[in-house]
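One structure is given below, encoded as C-alpha cells.
Values in this text are rule-based calculations from the coordinates and carry no lab data. The model shown is predicted, which means the values in this text are computed figures rather than measured ones. All Cβ positions, even for glycine, are placed from backbone atoms using ideal geometry, and neighbour counts span all protein chains on display.
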Amino acid sequence: MPYIALIIPLLFAALFAFALFKKVRLYDCFTEGVKGAIPLAVSLFPYLAVVLILSELFEQSGLSQALTALIAPALNALGIPPEIAKLVLIKPFSGSGATAVLSELFAAYGADSYIARCACVAFGSSETVFYVSAVYFAGHKKKLLRPIVIALAANFLSVVLGCFLCRFL
Amino acid sequence: MNAIFAAIFLAAAVIFCICDPAEFLPAMLTGGERAATLTLTLLASYCVWLGFFKVMEQSGLSAMLSRRLYPLSRRLFRSDDQSALSDACQNIAANLLGLPGAPTPLGVAATGKFLAANNNYAADMLFVLNATSLQLLPTTVIALRAAAGSANAADILLPTLLATLLSTLIGAGLVALTGRKCRT
C-alpha cells in the first residue's frame with residue numbers, strides 16, 4: 001500500500017496552500033507553534049519516566065512471565081492463543097515492549113501463521129492504556145480508576161473479537 | 001495509579017531480592033533511559049505537528065472544522081467549550097489518520113481545558129477514545145509484518161478494523177452509561 005505514504009505530504013501541501021490563500025505568514029506562524037514543543041515535552045517527561053520504569057520492572061522481574069503463565073489458560077478458553085498472552089499483557093504498558101514481542105512471534109511462528117495474525121490484530125486494535133493515561137492526565141488530580149478500567153476492558157474485548165475473526169477472515 | 005504503582009513496584013522488588021538483586025537498579029535505569037530517548041523522539045514530532053496545528057489555527061481551518069463538528073462533538077463530550085471541542089475533534093482526526101505523535105499535543109490541550117471546566121466526563125470520554133485505538137489503517141503493524149516476510153501483510157486489516165471499532169464503541173458506551181450519575 002504505497003499510496004498510504006501520500007497522506008502526510010498531501011496534508012501538508014493542502015494546508016499550506018490554503019494558509020497562503022488566507023494570507024497567513026507561514027514562517028512566523030509555524031515557528032510560533034513549535035515554541036510550545038519543549039514545554040510540552042518537559043511537562044510530560046516525569047509521567048513518561050515513571051510509567052517506563054514501572055514497565056521495565058514489570059518485564060525484567062519476571063512478573064510479566066508469571067502473570068502470562070497464570071492467565072494463558074483463561075485466555076485460551078476465550079479463544080485467544082496462549083502464545084500471544086504476553087503481548088496482551090505488555091501492550092497496555094509499553095508500545096515498544098509490545099513491538100518487541102510481536103517481532104519475536106513473527107520469528108517463532110512465521111508472519112503468516114494464525115498466531116502471528118492474531119498477534120497483529122491484538123496489537124493493532126489495542127492501545128497503550130497506562131501510557132496514554134499518564135500523558136493525558138499528567139498533573140491533574142483526578143480519579144483514574146473508572147476510565148482506565150473501561151479502556152482496559154474495551155481493549156481486551158477487541159482482542160477476543162479479533163482472534164475470533166482471524167479464524168474466518 | 002498510586003495503587004498500581006505500589007503493587008507492581010513492591011512485587012518486582014521482592015522478586016528481584018529473591019532472584020537477582022543486582023539487576024534491580026539496571027532495570028529501573030533502562031526504564032529511565034527509554035523515557036529520555038522517547039521524550040526526544042516525541043519532542044521531534046511535537047516540533048512538526050505543533051507548527052502544523054498553529055498554521056491550521058491561524059488560517060481559520062480549525063475554527064471551520066470545529067463549527068462543522070460542533071453539534072456532534074457537543075453531544076459526545078457533553079461540553080460547550082468551543083476551543084476544547086475543537087482540540088478534541090482535531091485529536092480524533094489525527095488519530096483516525098494515524099499521524100504519528102500528532103494526537104498527543106491536541107489531546108493534552110483538550111483534556112486540560114475539559115478538566116479546568118471541571119468536566120470529568122469529557123476528559124474520560126476523550127481518554128477512552130484515545131486508549132481504544134481509533135486508527136483506520138494500522139500502518140505500524142502492516143509495516144512490521146511486511147518486514148517479517150509476510151506474503152499478504154495487509155490481510156489483517158479487516159479483522160483489526162472491526163475489532164478496534166467494537167472496542168471504541170464499547171469504551172465510549174461504557175463512559176456514557178457510567179458517567180451519567182456524576183455529571184457536573
ask   = Which value, in debye to the nearest 20, gives the size of the charge dipole of chain B about its Cα centre, when Lys and Arg are +1 and Asp and Glu are -1 at the Cβ?
value = 780 debye
request  = With everything on Cα atoms, drop me the angle between helix A:63-77 and the longest principal axis of chain A, reported from 0 to 90° to the nearest 10.
outcome  = 70 degrees
request  = May I ask you to list, by number, the DSSP H helices of chain B whose Cα span along the axis is at least 15 Å and whose average Kyte-Doolittle hydropathy reaches 1.0 or more?
outcome  = B:2-19, B:157-179
Fluctuation leader among B:A153, B:A94, B:A117 - chain B, Gaussian network, Cα springs under 10 angstrom = B:A153
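Using 0.36 nm per residue of separation minus the Cα-Cα distance, give me the extension gain between A:A13 and A:E104 in nm, one decimal.
28.9 nm
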ask   = Around A:C29, what is the net charge, scoring Lys/Arg as +1 and Asp/Glu as -1 over all other residues with Cβ under 10 Å from its Cβ?
value = -1
query = For chain A, what is the charge dipole size about the Cα centre, in debye to the nearest 20, if Lys and Arg each add +1 at the Cβ and Asp and Glu each add -1 at the Cβ?
reply = 680 debye
inquiry  = Tell me the angle of helix A:145-166 to the major Cα principal axis of chain A, expressed in degrees between 0 and 90 and rounded to the nearest ten.
reply    = 70 degrees
ask   = Can you give the longest stretch of chain B with no exposed loop site, where a site means trypsin sites (Lys or Arg not before Pro) in a DSSP loop (not H, G, I, E or B) with at most 10 other C-beta atoms within 10 Å?
value = B:1-179
ask   = Counting only other chains, what is the mean number of Cβ atoms within 10 angstrom of the Cβ of each residue in peptide A:140-147?
value = 6
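For every other residue with a beta carbon closer than 12 angstrom to the beta carbon of A:P81, add +1 if it is Lys or Arg and -1 if Asp or Glu, then tell me the sum. Can you show the working numbers first?
Numbers: positive: A:K86, A:R117, A:R167; negative: A:E83.
Surrounding charge for A:P81 is +2.
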query = To the nearest 0.05, how large is the calculated FRET efficiency for A:L26 and A:S96 if R₀ is 41 Å and r is the Cβ-Cβ distance?
reply = 0.75
ask   = Leaving out same-chain residues fewer than 8 places away, which lysines sit with a Cα under 26 Å from that of A:K142?
value = A:K91, B:K113, B:K181
key: Sparse-neighbour loop sites [trypsin sites (Lys or Arg not before Pro); the range A:1-36; at most 10 other C-beta within 10 Å; DSSP]   = A:K23
note = Expressed in angstrom and rounded, the centroid-to-centroid distance over alpha carbons for the range B:20-84 and the range B:94-152 is 9 Å
query = Is there a simple number for the mean count of other chain Cβ atoms within 10 Å of the Cβ of residues in A:17-30, and what is it?
reply = 4
key: Gaussian network model of chain B, Cα within-10 Å springs - most flexible of B:C19, B:C89, B:C47   = B:C19
ask   = Label points 7 Å out from Cα along the Cβ direction at A:D112 and B:N118: separation in nm?
value = 6.1 nm
ask   = So, counting K/R as plus one and D/E as minus one, what does the shell of residues with Cβ under 15 Å around A:L63 add up to?
value = -3
note = Of the residues A:P73, A:L26, B:W49, the Cα lying farthest along the dipole of the protein assembly as shown towards its positive end, which is defined by charges on the beta carbon of Lys, Arg, Asp and Glu, belongs to A:L26
task = Evaluate the charge dipole of the protein assembly as shown about its Cα centre and quote only its size in Debye, nearest 20, assuming +1 on the Cβ of each Lys and Arg and -1 on the Cβ of each Asp and Glu.
result = 1380 debye
ask   = Which angle between 0 and 90 degrees, to the nearest 10, do you get for helix A:95-109 versus the longest principal axis of chain A when only C-alpha atoms count?
value = 50 degrees
ask   = Tell me, what HN-Hα J-couplings in whole Hz come from the Karplus equation 6.51 cos²θ - 1.76 cosθ + 1.60 at θ = phi - 60° for each residue of the range A:134-144, using x for Gly and Pro?
value = 4, 6, 6, 9, 3, x, 9, 7, 7, 6, 9
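For the range A:57-158, what is the relative contact order in percent, using Cα pairs closer than 8 Å and at least 6 residues apart in sequence? List each step's numbers first, then the result.
Details: 87 pairs, mean separation 23.8, N = 102.
Once normalised by length, the contact order is 23 percent.
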key: Partner chain coverage, peptide A:157-165 - average Cβ within 10 angstrom   = 6
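Per DSSP H run of at least 4 residues, take -39500 (n - 2.57); add these up for chain B, divide by its residues and hand me the 222 nm value, nearest 500 deg cm²/dmol.
Taken over chain B, the calculation gives -26500 deg cm²/dmol.
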